[in-house]
Amino acid sequence: MKSDEKWPLNGDYADSGMPCCLDEELLTMAREGKLVGIRRTRLDLVQDWIDEGISAEVICKRLTRFNREVIMAVLEAHAEEFPWLRQCSFLEFGSGGRAEQVLGSDQDNGLLMDISPDEDELDECTQSIVIALDGAGLALCEGGVMISNKEWRGDFETWMHRLTSWLSNPAEKGSWQSGLILDFTAVFGSQAAVQEMRDHLWEYVRTKPIAVSLLIQELTDYRLPLTFYGSFITEREGPWHGYLNIKKSVLAHLTNSVRILALKYDFPQHNTCDRIRQLIQAGHVSDTHGQLLLEAWEYLQRKRLEIGLTCDKAGIPPHNYIKPLALPSEEQKQLKKSIHAVEKLVRLIQAGAGL
């Protein structure tokens, strides 16, 4: 893929909010190994977008596009040294695959390969790529979901066997993997090959009751982070005593629930908000409930973006914790509304509604 080819993201991206000719600048920086300054550019862009009052949904889509521009520049620069890389497709999983990245989003990637390069050269290339991306502000994945890990690269058949095995056997995967591996897209290479793999995987899940049941089981441990009397349930000890992890406790359940329904009804959308709108349009979720879910997603993601900027000023890594009792009363009400909207969706899916 040439450096000036853009993979379209889901939704309307006519106004990307990006500086002109950024891709050419990124490619030059990638060739020269000078991507460290991209960290500052990313932070400044997000701050500007927030100051302009742009929605969190649009900001996350713009930020994902920015990160993909960085990835494409790094891959293009490496393809000049390793030409066989042009015969591979670079996959983005999870929030990157859904165009929902925030500040601090780490690498979740894989490599779909039509060739078999020298193993030592492959290791050298993939290690160099993930290190370059880390230097550009896309942190290394603590779980090892990166092309430098042999488990996250292979040909079409290898990928399908691997992914379906993870999805059908709970002993072979972590609880996080099913959600992460179901949302992916191509950033570099053949979009068609990656779409074919995604279509095969989604069809496998949709036609295998055990796979769907395992996805639903991941929701069974959901605990509403509110007491019977409406008080927030927060961390009881440790450095985050009195805080609530909004990603783990609320947002992840919203994302997973909406994904299950998207699987059920075979929606083509990747993005959670786009999926919710389709659910509303198709009548699978009421308009009132759907709007509450969209508001919940918007509120929670905006908080994560704001946390990322605050952490940068404090010189600490981004996190997903908020202290509910320190929030203004209106925000506390919004947080509770978000939690209740997500809980209602989780309970409907657990009860088999629409499934």
Inset, instruction - Out of LEU261, LEU251, LEU292, LEU226, report the one residue that is touching a Phe, Trp or Tyr at 6+ places or on another chain (Cβ under 7 Å) and of a type in the set (A, V, I, L, M). - result: LEU226
Legend entry - One residue from GLY174, GLY179 being assigned to a helix (DSSP H, G or I) and either at pLDDT below 85 or within 15 Å of GLY110 (Cβ to Cβ) (or both): GLY179
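In this structure, is GLY104 surrounded by fewer than 22 Cβ atoms within 10 Å (Cβ to Cβ), outside the structural domain of GLY308 (by TED's automatic domain parsing) and closer than 26 Å to VAL58 by Cα?
Here the answer is yes, as GLY104 does meet what is asked.
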Legend entry - helices (runs of 4 or more DSSP H) contained in the range 42-140 and holding at least 1 residues out of contact with any helix residue (DSSP H, G or I) (no Cβ under 9 Å at 6 or more places or on another chain): 56-81, 119-135
Legend entry - Sole exception among (1) within 26 Å of VAL102 (Cα to Cα); (2) buried (at least 16 other Cβ atoms within 10 Å of the Cβ) for ALA211, by number: (1)
Legend entry - Any hit, the range 126-135, residues being in contact (Cβ under 8 Å) with a residue 24 or more places away in the chain, assigned by TED's automatic domain parsing to the domain that holds LYS61 and in contact with a Gly (Cβ under 9 Å, 6 or more places away or on another chain): yes
Inset, instruction - Provide a single number: the residues in the range 308-327 that are in contact (Cβ under 8 Å) with a residue 24 or more places away in the chain and more than 17 Å from the chain's Cα centre (by Cα). - result: 9
Inset, instruction - Take the residues in the range 224-264 that are small (Gly, Ala, Ser) and assigned to a loop (DSSP other than H, G, I, E, B), then tell me which one is surrounded by the most Cβ atoms within 10 Å (Cβ to Cβ). - result: GLY242
Legend entry - Selection within the range 309-339 - polar (S, T, N, Q) and in a helix (DSSP H, G or I): THR310, SER329, GLN332, GLN334, SER338
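The values are calculated or read from the model by the stated rules, or taken from the named source; none is laboratory data. Since this is a predicted model, take the numbers as computed values, not measurements. Using ideal geometry, Cβ is built from the backbone for each residue, glycine included, and neighbour counts are taken over all protein chains shown.
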